[in-house]
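Chemist: I'd like to ask some things about the structure below.
The values are calculated or read from the model by the stated rules, or taken from the named source; none is laboratory data. Predicted, not measured: the structure shown is a model, and the values here were computed from it. Backbone-built Cβ (ideal geometry, glycine too); neighbour counts: all protein chains shown.
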Amino acid sequence: MLCVERVARIGESVILYDASLANHIEEAWFDPASWPGAPRVQGRGVTLFIRCAGEDWVLRHYHRGGQAARISSDAFAWTGEARTRCFREWRLLAQLRAAGLPVPCPVAARYLRRGLLYRADLITRRIPDVMPLSAVLAAGPLPQALWRGVGACIGRFHAAGVFHADLNAHNVQVNDRGEVFLLDFDRGRIMARSGAWRRRNLARLHRSLVKVAATAARGFGAAEWSALLAGYAAAEAGGGSPSPPSV
């Protein structure tokens, strides 16, 4: 189902939402205080798993990283509504969903503007029964078929020119049927399908997997990476794109 895009101004919030999923929207949905018992995951910020409108959703507040976080942990420079982090990610997810790629379904994005700064949040549908690849790997070695599946998933995105700005073992998600999904497309974008960005994307994932495997002391090495690249190459070939770069 295609997203039905609506923008509403409610209180101090400007909210972009999918009218096919929510026939109304509430500012309170974006307030963690509205969900006192919601399970949460602590990362750079806090992600909440909420039950709303009869569905399981994920509420994420945008935080800054690196040196910029020393100035403000969650305030971004205002450069226009269409360029807000939350609206860009919502619209990219909608585009990827329409293309049949395995990403979360966007529900609503909200920003609060204060002069030259804004803060932002995103709500997506929760993908059922998934775990981060990092957690699955920490539990023990993975079959070669799953590594090929991870590579094939990433290959599909690259064949479509999709750049993931933070491709790591935590944002690759796997369910117990071996299906693979990608999360967190903040700062993601559509690129020319050939180019060094593909190699850099894979290199980032490789570094993350090596780091996770070192902590777990098992489960990832040359054979696993070769299986991942084999799945990647097969997906790329199916998409009519160039051969995968080496890492």
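For (1) touching a Leu at 6+ places or on another chain (Cβ under 8 Å); (2) among the polar types (S, T, N, Q); (3) assigned by TED's automatic domain parsing to the domain that holds F181, each residue gets a yes or a no:
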position: A53; (1), (2), (3): yes, no, no
position: E89; (1), (2), (3): yes, no, no
position: L93; (1), (2), (3): no, no, no
position: R114; (1), (2), (3): no, no, no
position: P143; (1), (2), (3): no, no, yes
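Chemist: Within the range 71-95, can you find the residues that are among the polar types (S, T, N, Q) and touching a His at 6+ places or on another chain (Cβ under 9 Å)?
Modeler: S73 - this is the single residue of the range 71-95 that is among the polar types (S, T, N, Q) and touching a His at 6+ places or on another chain (Cβ under 9 Å).
Chemist: Taking T84 as the residue in question, decide whether it is of a type in the set (S, T, N, Q) and touching a Phe, Trp or Tyr at 6+ places or on another chain (Cβ under 7 Å).
Modeler: Answer is yes for this residue.
Chemist: Only residues in the range 94-113 that are within 15 Å of R189 (Cα to Cα) and at pLDDT 95 or above count as the first member; pair them with residues that are acidic (D, E) and outside any loop (DSSP other than H, G, I, E, B), Cβ under 8 angstrom, at least 6 apart or cross-chain, and list the lot.
Modeler: A94/E5; A94/D18
Chemist: Among the residues of the range 160-197, count how many are modelled with pLDDT of 95 or more and not in a loop (DSSP other than H, G, I, E, B).
Modeler: Residues flagged as modelled with pLDDT of 95 or more and not in a loop (DSSP other than H, G, I, E, B) within the range 160-197 amount to 12.
Chemist: So which of V41, V136, V150 is surrounded by fewer than 18 Cβ atoms within 10 Å (Cβ to Cβ), over 24 Å from R6 (Cα atoms) and in contact with a strand residue (DSSP E or B) (Cβ under 7 Å, 6 or more places away or on another chain)?
Modeler: V41
Chemist: In addition: Does the range 71-93 hold any residues that are modelled with pLDDT under 95 and closer than 21 Å to I10 by Cβ, and which are they?
Modeler: The one that is modelled with pLDDT under 95 and closer than 21 Å to I10 by Cβ: D74.
Chemist: Taking the criterion of being within 17 Å of L183 (Cα to Cα) and either at pLDDT 95 or above or in a strand (DSSP E or B) (or both), would at least one residue in the range 13-20 satisfy it?
Modeler: No: the range 13-20 contains no residue that is within 17 Å of L183 (Cα to Cα) and either at pLDDT 95 or above or in a strand (DSSP E or B) (or both).
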